[in-house]
Amino acid sequence: MGSRLSSVARLTAAAAAAGVVAAAIALPAVGGTGAIFVSASEDLGIKPEELKEPPLAERTTLLDAKGNEIAYFWEEYRESVTLDQVADIMKTAIISIEDFRFYEHGAIDIEGTIRALAKNATSGGIAQGGSSITQQYVKQVLLNSAASDEAKAAALEASYARKLKELRYAMAVEEKYSKDQILEKYLNIAYFGAGANGVEAAAKRFFGVSASDLTLAQAATLAGAVQDPNATDPNIGRAQQKRLLSRRNVVLDRMAELKKITPEEAAAAKAQKLGFKNTPIPGGCGESKYPYFCMYVRNEVLSNPAFGKKAKTRSAFLNRGGLTIQTTLDPKMQRAAERAIRKHVFASDDPVASEALVQPGTGAIKAMAASRKYGNNKRKKEMSYNVVADAVHGGGTGFQAGSTFKTFTLVTALKKGMKLNQGFSVGGGYRSPYYSSFKNCKGENIGDPSHTVTNDEGGGGFMTLQTGTWKSVNTFFVQLEQKVGLCDTIKTAKDLGIKRSDGLPLTEYETFTLGTNEMDPVTVANAYATLGARGKRCTPMVITKITDRDGKVKNYKPDCEQKLDPEVADAAASILSGVFTKGTMSGVGGIGRPAAGKTGTTDNQASAWFAGFTPDLAGAVSIGDPRGAQNHKLNGVTIGGRYYANVFGASIPGPIWKDTMLTALKGTPATAFTPVNSERFGGCGSGCAPRRETPDEDSDDVTGGDEDYTGVDTGLGEE
């Protein structure tokens with residue numbers, strides 16, 4: 001047998017000198033009969049073959065508006081580094097154990113290949129690799145670029161045909177790159193175990209340091225891990241850690257044998273413990289400080305065709321692209337929202353409060369916060385979905401928005417020419433006189449004469465657009481909706497960006513103006529931001545810039561469209577400003593600068609809202625019970641350590657919004673609303689109030705309000 005091996009060695013050496021890898025073509029079967037031949041004729045080629053090298057899967061980094069890292073996305077946890085960012089001892093360790101003649105031989109280590117071929121011949125298969133670092137790099141490229149399980153199996157196939165392909169590719173790689181470049185590529189592609197791809201990720205995962213700071217013992221550990229990273233994965237258990245420790249010591253002995261380190265240095269390193277720190281892999285929205293915002297960004301990329309026509313393309317773009325994504329999140333505003341929510345609602349409370357802040361004129365989402373942490377721990381009442389957003393962005397069904405929808409009826413009335421002081425008399429209850437009193441956008445009669453809309457405390461009187469809005473009177477707004485048209489009101493809402501949180505079509509009933517559709521804070525905040533931008537509606541945006549792995553930058557601009565006459569928006573803002581001084585938020589008060597908004601409470605306090613805006617920032621706050629708002633209403637509940645007989649828009653959402661804005665806008669110069677065009681919206685037209693003894697037709701003594709507009713829990717509610 002020895003003579004046969006000598007013959008193989010001589011044959012291979014001679015063939016290599018002639019540029020032919022004869023041993024890969026035909027090898028006498030030591031201890032067997034006959035000879036092993038590569039069967040496929042195309043596998044007999046020995047010329048270099050160009051290797052396709054798709055970009056490595058790189059982690060994507062998410063930044064806030066200030067450039068701070070806030071989250072990571074990855075399919076393979078990897079951070080590519082240049083060779084000068086790797087400690088010299090790491091380079092020495094990996095070369096010593098994997099390919100100690102790396103800088104001396106060409107594409108193929110003849111001695112190592114012969115040794116492996118002989119071993120494989122005696123075992124009847126591929127038992128020993130004998131691969132050079134270049135060949136190992138080729139194998140990793142083929143494995144990483146495999147698009148199917150079959151292709152992955154082919155990349156790992158124990159056959160001479162696969163080995164010959166690797167050799168041909170390796171020859172081309174050696175012609176294309178310098179040795180340093182090949183080593184760099186190998187160190188970045190190699191898998192080390194514990195989910196760490198590449199030496200930088202491995203150094204951080206195993207030891208909590210960068211590859212540039214690895215010590216001798218640490219470098220030997222990582223060098224030992226690449227041979228069989230699953231068997232030596234220290235994250236799995238003690239048995240694997242024991243194997244890794246043994247493998248580390250093998251590397252140290254080899255380095256000493258090659259005189260790369262002294263025996264004393266090897267002994268000192270071997271005396272050290274494994275030192276595996278199990279540093280958590282960064283990434284995932286669950287580990288982000290801003291999980292709800294992170295989820296929104298992730299789902300925006302995965303669902304938006306702007307980032308790839310196919311879902312698979314978008315996923316690869318995000319999770320493998322090595323992108324740096326700059327977002328709209330303002331850390332100051334985010335902290336303001338989080339602190340305001342924590343002040344009024346505890347994470348342990350059954351109801352959950354959530355808030356979104358949107359910039360008028362751009363649609364930029366500046367903050368997304370909730371009272372509960374994101375996660376799957378039900379015992380800790382963590383939220384498993386994005387309670388701040390719609391279903392497309394990881395959210396759920398949302399909560400009915402209540403009287404925040406009255407704003408859309410108000411805007412429709414102003415669009416149709418009604419004056420600020422124009423109005424009509426209403427009673428304490430209202431019933432549709434005919435089925436034809438209301439028509440949906442299909443032209444169908446949907447009026448319900450059997451259903452009576454009430455103001456819980458009764459009362460009525462003459463209401464104008466101003467007083468009816470300030471006191472949020474149900475009967476006034478249902479009648480106003482009848483006058484201006486249900487479908488036109490729905491179209492106004494859609495123009496301002498309203499759509500259901502669950503993605504279903506808006507329900508079109510006469511109670512539309514009372515907010516019976518389920519919403520999410522981002523959508524409602526963005527609709528109110530449209531009024532703050534004088535009718536310019538912008539698509540909610542979270543991404544401002546993406547830099548790819550090669551440094552190519554793509555900037556993203558706001559997607560906006562003028563959807564409302566600016567003067568109509570001005571008039572609506574003027575009326576909604578009075579909510580703070582004469583209406584349902586008067587007990588809470590304003591924010592020391594021009595602001596407008598609307599409270600919202602659903603039937604019997606199933607949920608409560610406040611949506612408000614300034615020309616600089618808009619926000620919406622909701623509170624409801626995720627166990628089921630209709631079955632777990634906000635009556636007789638303790639929230640944030642305080643007992644509430646009934647929760648209204650001004651009880652919790654309003655104060656959260658106020659506290660948020662006071663902090664979020666601190667240092668931002670106050671911007672005034674554009675004054676109302678009095679020639680267009682002044683007076684009362686044909687809808688003046690009847691004469692009465694008291695001279696002030698717009699006084700606040702009109703009863704029938706259906707929300708608590710004094711700020712005291714009187715028990716008044718709105719449907």
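Are any of the residues in the range 279-301 open to solvent by less than 40 Å² (accessible area, probe 1.4 Å), of a type in the set (Phe, Trp, Tyr) and outside any helix (DSSP H, G or I)?
Yes, the range 279-301 has at least one match.
Being assigned to a loop (DSSP other than H, G, I, E, B) and free of Cβ contacts under 8 Å to residues at least 40 places away in the same chain is the filter here, so list the residues in the range 469-517 that pass it.
If the condition is that a residue be assigned to a loop (DSSP other than H, G, I, E, B) and free of Cβ contacts under 8 Å to residues at least 40 places away in the same chain, then Leu504, Pro505, Leu506, Thr507 are the ones that fit.
Which one is most open to solvent (accessible area, probe 1.4 Å) among residues in the range 538-558 that are over 17 Å from Lys366 (Cβ atoms) and touching a residue at least 12 places away in the same chain (Cβ under 8 Å)?
It comes out as Arg549.
Test each condition in (1) within 17 Å of Ile89 (Cβ to Cβ); (2) open to solvent by less than 10 Å² (accessible area, probe 1.4 Å) for Glu200 and report the one that comes out false.
So the condition that Glu200 fails would be (2).
Okay, residues lined up against (1) in contact with a helix residue (DSSP H, G or I) (Cβ under 9 Å, 6 or more places away or on another chain); (2) farther than 22 Å from Gly590 by Cα:
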{"site": "Phe610", "(1), (2)": "yes, no"}
{"site": "Ile623", "(1), (2)": "yes, no"}
{"site": "Pro626", "(1), (2)": "no, yes"}
{"site": "Ala629", "(1), (2)": "no, yes"}
{"site": "Leu634", "(1), (2)": "yes, yes"}
{"site": "Ile656", "(1), (2)": "yes, no"}
{"site": "Asp659", "(1), (2)": "yes, no"}
{"site": "Thr663", "(1), (2)": "yes, no"}
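Restricting to the range 346-359, name every residue that is under 19 Å from Gly597 (Cβ atoms) and either β-branched (Val, Ile, Thr) or open to solvent by less than 20 Å² (accessible area, probe 1.4 Å) (or both).
Correct list: Ala353, Ser354, Glu355, Ala356, Leu357, Val358.
Within the set of pairs 6 or more residues apart or between chains, which connect a residue that is farther than 23 Å from Pro558 by Cα inside the range 315-330 to a residue that is in a strand (DSSP E or B) and open to solvent by 20 Å² or more (accessible area, probe 1.4 Å) with Cβ atoms less than 6 Å apart?
Cβ pairs passing all conditions: Gly322/Glu58.
For the range 629-640: of the residues being touching a residue at least 40 places away in the same chain (Cβ under 8 Å) and open to solvent by 10 Å² or more (accessible area, probe 1.4 Å), which is nearest to Leu357 (Cα to Cα)?
Gly640
List pairs: first in the range 392-406 and within 15 Å of Val647 (Cα to Cα) and of a type outside the set (Lys, Arg), second modelled with pLDDT of 95 or more and open to solvent by 20 Å² or more (accessible area, probe 1.4 Å), Cβ under 7 Å, 6+ apart or cross-chain?
From the range 392-406, the pairs are Phe399/Glu518; Gln400/Thr516; Gln400/Glu518.
Identify, please: which residue in the range 45-74 is of a type in the set (Gly, Ala, Ser) and open to solvent by less than 20 Å² (accessible area, probe 1.4 Å) and is, among those, modelled with the highest pLDDT?
Ala71
How about the range 372-416: which of its residues are part of a loop (DSSP other than H, G, I, E, B) and touching a Lys or Arg at 6+ places or on another chain (Cβ under 8 Å)?
Arg372, Lys373, Lys380, Lys381, Glu382, Val387, Asp390, Gly394, Gly398, listed by residue number.
Taking the range 414-440 as the search range and keeping residues that are surrounded by 16 or more Cβ atoms within 10 Å (Cβ to Cβ) and hydrophobic (A, V, I, L, M, F, W, C), which one is nearest to the chain's Cα centre (by Cα)?
Only one residue tops the list, namely Leu414.
The values are calculated or read from the model by the stated rules, or taken from the named source; none is laboratory data. All values reported here derive from a predicted model rather than from experimental measurement. Neighbour counts are summed over all protein chains in view; Cβ atoms, including those assigned to glycine, are modelled from backbone coordinates with ideal geometry. For the accessible areas, the whole protein counts, side chains as well, though only heavy atoms, and no ligand, DNA or RNA atoms are used. Shrake-Rupley method; radii C 1.70, N 1.55, O 1.52, S 1.80 Å.
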